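One structure below.
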Amino acid sequence: MVKGTPPLGVLFMKRIAFSELVFSTQDFQQCHEFHTLSFFRPGKMLSPVSNRHRTSRVLLSLSAAIFLFICFVSRRHMHELPIEVIEQHAVKQSGGAYRVPKGALPSVNLVVAATSNEDYSWAKIDLKVPGMVVVPYIADNMSAPHHPQMNKGHEAMMYLQYFYDFYDNLPDISILVHSQSHSWHVDDILDQSMIFSLNHLDLREVQQRQFLNLRVTWGFGCMTGAINTTRVNEESGVLPEQKEMQEAFRANFNLYDIPEILATPCCSQIAVTKERILSVPKEQYKHHIDWLLHTPLEDAISGRTWEHMWQYLFLQKAIDCPLEHKAYCRLYHICFGGREQYDEYIELQQGAQKLDEELSKINEFEEHWEAHVKEKEEDAKENGENNEDDKENGENNEDLKGAIEMEKKANSKMKIKLQRELASVREAIRIRKEIAVVRGAVKVNRVAEGEDLYGDDMEPSAEKAFVKEED
């Protein structure tokens, strides 16, 4: 069992009860109706009762009143939300309160950046987004209905070409993704599945934020993968584009004072509204395309520089890193109930990963030694055992086989133990996520947990984290 991981029963019960749901008027009505029906039966006249019966009725009424009070307080203490906020389904941000747009569902284009040998049929078959139009951009087929001027710059070239081509015919929302249905580019919580992600995507949230990255986690792009544009002379195996970012940013945005830190979740899979796209002049998209066409940078590097610049293009922000648990709640309706509960879920995921790694080591050990013994046996057969040296080698092989068998037995016991622990942790992960999805189905919960998307005094923003690092 992962050190510090409580038993499955505790994991299930700890801080996941449905009593955490925020109190609403409907909750109060249900409590009231339950007790009314419990104490008064329609269709029957109340007959005169004895003092004992009258006392019982008084006690029952008193208990009902106490229950209603507890029902009210136990939910209300979680979040004090003004009724007008709930009715408007508004989400408070650092800049104020905003209404979620109402009315007809927005029109959506799904732009798929692909090559001619990649299968993106999932986008047309498996997605359940109403009215979504799939617009494939094929990088290496100049005869395709939609294609870039040159197969250069990876998905960045195709995204920019789309903005330029569709500038005068845009839908309400454009979602731009890679061709793979499953990839590590998509968060683990979303099953690394673009199908799951898009089927759960809240289009109203996209309209409200106007630009966002479909990936949420900070691990790549917001913390460890953030770009420091001042490190122009440092080689980085993890971020080979970092030393080129200063010049790339200056060339694309014609700025002398470049932001020191560029941070946003990786990996260039984004959603942006018509308003944000049109906030950038059409000729500017052409300028970015021309830069990709003519830059001397390697194709992979020039494309990767744009992973760190989309948020600046559409939001004029160098750092755009919403708090993870709030972003999951608002964007995908997966609400863990708060930062602490979300962190516990992440710890479970990390524990499962460590158990997986330990099991892989055991399997690799067994495969290695089985191959080694087999090789020794084949050598012995080829050379024969006609002299003392060969016999001694044969005896040594037997000793080796015996030692390996003992090691395999010990590993087998450990393997069974690890497999059981892994199954237990995975079940805990499944339960936590299912409850988070149920919690996220309630709008009031999303309003409550999604407040202050970019941080507050209790949860510092990414900007504050970078300032702290510099100090």
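The values are calculated or read from the model by the stated rules, or taken from the named source; none is laboratory data. Because the structure is predicted, anything quoted here is derived from the model rather than measured. All Cβ positions, even for glycine, are placed from backbone atoms using ideal geometry, and neighbour counts span all protein chains on display.
Limited to the stretch 148-186, what total is found for residues that are more than 22 Å from Q207 (Cα to Cα) and not in a helix (DSSP H, G or I)?
Qualifying residue count for the region: 13.
Take the stretch 110-147 and flag every residue that is under 23 Å from the mean Cα position of the chain (by Cα), assigned to a loop (DSSP other than H, G, I, E, B) and not hydroxyl-bearing (S, T, Y).
Residues satisfying the conditions are D126, L127, K128, V129, P130.
Yes or no, residue by residue, for (1) within 30 Å of Q242 (Cα to Cα); (2) modelled with pLDDT of 90 or more; (3) of a type outside the set (A, V, I, L, M):
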position	(1), (2), (3)
A318	yes, yes, no
L323	yes, yes, no
K326	yes, yes, yes
C335	no, yes, yes
L348	no, yes, no
E366	no, no, yes
A371	no, no, no
K376	no, no, yes
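Yes or no: the stretch 344-352 includes at least one residue that is farther than 30 Å from D456 by Cα, hydrophobic (A, V, I, L, M, F, W, C), assigned to a helix (DSSP H, G or I) and not assigned by TED's automatic domain parsing to the domain that holds N151. Steps first, answer last, please.
Start the filter on the stretch 344-352 by keeping residues that are farther than 30 Å from D456 by Cα, which leaves 352.
Still in the running and hydrophobic (A, V, I, L, M, F, W, C): 352.
Narrowing the set further to residues that are assigned to a helix (DSSP H, G or I) leaves 352.
This time we only want the ones that are not assigned by TED's automatic domain parsing to the domain that holds N151, so: 352.
Within the stretch 344-352 (the criterion being farther than 30 Å from D456 by Cα, hydrophobic (A, V, I, L, M, F, W, C), assigned to a helix (DSSP H, G or I) and not assigned by TED's automatic domain parsing to the domain that holds N151), the answer is yes, since at least one residue qualifies.
Is it fair to say T229 is surrounded by 21 or more Cβ atoms within 10 Å (Cβ to Cβ) and of a type in the set (S, T, N, Q)?
Numbers: surrounded by 21 or more Cβ atoms within 10 Å (Cβ to Cβ): yes; of a type in the set (S, T, N, Q): yes.
Criteria met by T229.
Take the residues of the stretch 265-312 that are part of a loop (DSSP other than H, G, I, E, B) and in contact with a strand residue (DSSP E or B) (Cβ under 6 Å, 6 or more places away or on another chain): which is surrounded by the fewest Cβ atoms within 10 Å (Cβ to Cβ)? Spell out how you get there, then give the answer.
Going through the stretch 265-312, the residues part of a loop (DSSP other than H, G, I, E, B) turn out to be 265-269, 279-281, 295-298, 309.
Still in the list and also in contact with a strand residue (DSSP E or B) (Cβ under 6 Å, 6 or more places away or on another chain): 265, 269.
Details: P265: 28, Q269: 23.
In this case the residue turns out to be Q269.
Which residues, taken from the stretch 428-471, are part of a helix (DSSP H, G or I), charged (D, E, K, R) and loosely packed, with under 14 Cβ neighbours inside 10 Å? Talk me through it step by step, then tell me what you get.
As a first pass, look at the stretch 428-471 and keep what is part of a helix (DSSP H, G or I): 428-440, 443-449, 462-470.
Those left that are additionally charged (D, E, K, R): 430, 432-434, 439, 443, 446, 449, 463-464, 468-470.
Within the stretch 428-471, R430, E434, K464, K468, E469, E470 meet the criteria.
Residues of the stretch 210-225 being over 11 Å from the mean Cα position of the chain (by Cα) and crowded, with 23+ Cβ neighbours inside 10 Å, which ones?
Listed by number, the residues that qualify are L212, G221, C222.
Give just the number: which of (1) in a loop (DSSP other than H, G, I, E, B); (2) in contact with a Ser or Thr (Cβ under 8 Å, 6 or more places away or on another chain) does T224 not satisfy?
All conditions pass for T224, except number (2).
Residues that are out of contact with any His (no Cβ under 8 Å at 6 or more places or on another chain), of a type in the set (D, E, K, R) and either modelled with pLDDT of 95 or more or crowded, with 18+ Cβ neighbours inside 10 Å (or both): does the stretch 163-176 have at least one?
Restricting attention to the stretch 163-176, the residues satisfying the condition of being out of contact with any His (no Cβ under 8 Å at 6 or more places or on another chain) are 163-164, 166-176.
Okay, now just the ones that are also of a type in the set (D, E, K, R), so 168, 172.
After this cut, where a residue has to be either modelled with pLDDT of 95 or more or crowded, with 18+ Cβ neighbours inside 10 Å (or both) as well, the list is 168, 172.
Looking for residues that are out of contact with any His (no Cβ under 8 Å at 6 or more places or on another chain), of a type in the set (D, E, K, R) and either modelled with pLDDT of 95 or more or crowded, with 18+ Cβ neighbours inside 10 Å (or both), one finds at least one in the stretch 163-176, hence yes.
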